[in-house]
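The structure appears below as structure tokens.
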Amino acid sequence: KKKTTIIPKNFLWGGAVTSFQTEGAWNEGGKGLSLVDARPIKEGHSDWKVAVDFYHRYKEDILLFKEMGFNAYRTSISWSRIFPDGEGEANEEGLKFYDDLFDEMITNGIQPVITLYHFDLPLALAKKYNGFASRKVVDLFDHYARTVFKRYSHKVKYWLTFNEQNLVLTKPEYWGVNLEQAENKEALLYQVAHNAFIAHAKAVQSLHEIVPEGKMAGMVTYLTTYPNTCKPKDAIANMKAKEWLVDFYFDVFAHGEYPTYITSDLKKKGIMPIFEEEDAKLLKENTVDYLSISYYQSQTVSSDKQNNESIISGVTPNPHLKTNEWGWAIDPIGLRVCLKDMYARYRLPIFITENGIGVKETLNEQGTVEDDYRISYLHEHIKQMKLAIEEGVDIIGYLTWGSTDLLSSGGQFEKRYGFVFVDRGEKDLKDLKRYKKKSFNWYKEVIASNGEIV
Ligand code: BG6
């Protein structure tokens with residue numbers, strides 16, 4: 001069957017991870033403690049000390065990525081490897097680690113796509129300043145960002161500021177913030193969100209100054225939302241959920257100012273964040289080069305249901321969709337809805353920097369995993385992405401979540417995402433040996449054909 005070429009020639013294909021979910025070596029190379037190292041460990045889950053030992057095994061893993069044909073790989077820099085206490089002198093050993101890692105990737109034809117911050121603030125900054133509640137931490141973040149832009153200016157083109165910045169209002173603890181002492185918790189929350197926007201804008205500014213050809217994104221986790229019924233009240237509830245969850249962030253990233261649907265509400269409540277003198281100008285002058293999303297699922301919003309079970313209120317099950325073992329609604333068309341909406345609103349290139357499915361898996365006797373469910377999940381999402389491209393959306397790359405297995409965000413190892421099985425359990429580290437799953441060869445063919453086989 002003859003197919004037409006839809007995906008651009010220089011399209012970026014690969015996988016995405018973070019430092020703390022893969023590296024391990026939590027106290028090696030002069031690294032300081034981060035928020036993650038201090039997180040309480042959930043019953044039956046793993047700790048973060050070893051992860052998949054990428055710190056020591058990255059050469060072996062990169063060869064596997066090369067074999068799959070990756071030309072991009074997203075990871076994050078661990079701030080506390082570079083500045084163990086978040087401030088003071090930079091740690092040369094930490095800087096050197098990422099130099100070596102990026103060199104190894106580049107030598108193997110894989111360009112690093114780098115997140116500056118993935119919820120792993122140096123612990124000292126949480127204790128000393130209450131994290132991003134303080135403008136001091138915004139300045140320290142700027143210093144950290146400038147340090148790594150200078151150091152890796154010839155190695156990294158695509159950067160992301162904060163992973164899933166739209167979690168800031170529901171998970172302020174990921175920004176090192178404790179709300180307990182706050183007189184007005186809601187006001188502080190919006191101040192933290194504002195500080196994150198300022199830190200983001202400063203990083204855009206610094207990158208453009210230091211690396212003129214560098215590209216910076218703002219990123220959110222995109223939950224496509226649907227109104228539960230065609231009742232107008234459901235339509236408004238859905239619209240508000242989307243504004244609050246997604247549009248607010250993209251509007252600031254792309255248009256450089258707070259949207260009026262947010263300011264009207266904050267003013268009414270008397271909780272407009274404090275803008276320092278240059279803030280409005282800084283936001284306006286430092287908009288992003290591209291937009292980035294993680295996409296896993298969609299949600300359905302009902303006006304009758306006001307609850308906070310999800311990061312948006314009023315979420316109700318969608319009877320038309322199946323869910324994964326963790327209750328996430330699998331919805332490839334939802335990805336197309338998201339991409340089309342984003343492009344219509346912003347006309348900026350879009351980079352899908354996370355998409356995938358977590359599954360409990362075991363090695364079979366042949367030393368592999370027949371993960372047809374993963375192939376099917378990714379296949380359907382890539383298909384919808386291609387349709388979006390056909391319909392005019394500018395997409396520059398697609399990265400799956402995971403490449404080898406890695407720790408999930410809650411510290412559960414058994415929720416596996418990779419094309420490569422890593423042999424360890426929650427507590428029993430076994431030998432951490434790597435085994436190719438069935439999806440490994442499938443993704444290799446997808447990349448080799450630039451998506452034609454999908
Ligand atoms: C994203 C995060 O929310 O989703 C990752 O950027 C995370 O850190 C991924 O691992 C998948 O979520 P989880 O909870 O299944 O690991």
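Name the shape class, rounded, prolate or oblate, that the alpha-carbon gyration tensor gives for segment 342-418, where a ≥ b ≥ c are the square roots of its eigenvalues, rounded holds for a/c under 1.5, and otherwise prolate holds if a/b is larger than b/c and oblate otherwise. Judged from the Cα gyration tensor, segment 342-418 comes out prolate (a/c at least 1.5, a/b above b/c). Every Cα-Cα pair of segment 171-245 was included, and the share exceeding 15 Å stands at 70 percent.
Residues whose amide H comes within less than 5 Å of that of Gly218, counting only those at least five positions distant or on another chain, are Tyr290, Ser292 (H built at 1.01 Å from N in the peptide plane). Beyond 32 Å between alpha-carbons counts as too far, so tell me which of Lys96/Lys433; Lys215/Lys305; Lys49/Lys322; Lys231/Lys360; Lys185/Lys386 fall in that bin. Long pairs (Cα-Cα over 32 Å): Lys215/Lys305; Lys49/Lys322; Lys231/Lys360; Lys185/Lys386. Peptides 260-269, 247-256, 399-408 ranked from most to least packed give 399-408, 247-256, 260-269, packing being the mean of other C-beta atoms within 10 angstrom over each peptide's residues. Take the Kirkwood radius over Cα pairs of segment 1-148, plug it into Stokes-Einstein at 20 °C and 1.002 mPa s, and you get 129 µm²/s for translational diffusion. Checking the a/c ratio against 1.5 first, then a/b against b/c, what shape does the Cα gyration tensor give for the chain? The shape class here is rounded. Structure note, pairs Lys242/Lys268; Lys66/Lys155; Lys157/Lys202; Lys66/Lys427: Cα-Cα distances above 24 angstrom occur for Lys66/Lys427.
Show me 370-378, 155-163, 76-84, 270-278 ranked by packing, highest mean number of other Cβ atoms within 10 Å first.
Going by the mean number of other Cβ atoms within 10 Å, highest first, we get 76-84, 155-163, 370-378, 270-278.
Taking a straight Cα-Cα cut-off under 20 Å and skipping sequence neighbours fewer than 8 places away in the same chain, the aspartates and glutamates within cross-link reach of Lys127 are Asp37, Asp85, Glu87, Glu89, Asp139, Asp142, Glu173, Glu180, Glu183.
Taking other residues whose beta carbon is less than 9 angstrom from the beta carbon of Val301, and scoring Lys, Arg as +1 and Asp, Glu as -1, yields +2. Each label was represented as a point 7 Å from its Cα along the Cα-to-Cβ direction; for Glu278 and Glu445 these points are 5.5 nm apart.
Decide, for segment 293-372, between rounded, prolate and oblate: order the square roots of the alpha carbon gyration tensor eigenvalues as a ≥ b ≥ c, take rounded if a/c falls under 1.5, and otherwise choose prolate if a/b is larger than b/c, else oblate.
Verdict is oblate for segment 293-372.
Spatially, segment 415-446 and segment 123-200 are offset by 33 Å when compared through their Cα centroids. For the chain, the share of DSSP beta bridges that are antiparallel, to the nearest 5, is 15%.
FYI, it's all coordinate maths here, none of it is from the lab. All of these numbers come straight from a predicted model, not from anything done at the bench. Every residue, glycine as well, gets a Cβ built from its backbone with ideal geometry; the counts of neighbours run over all protein chains shown.
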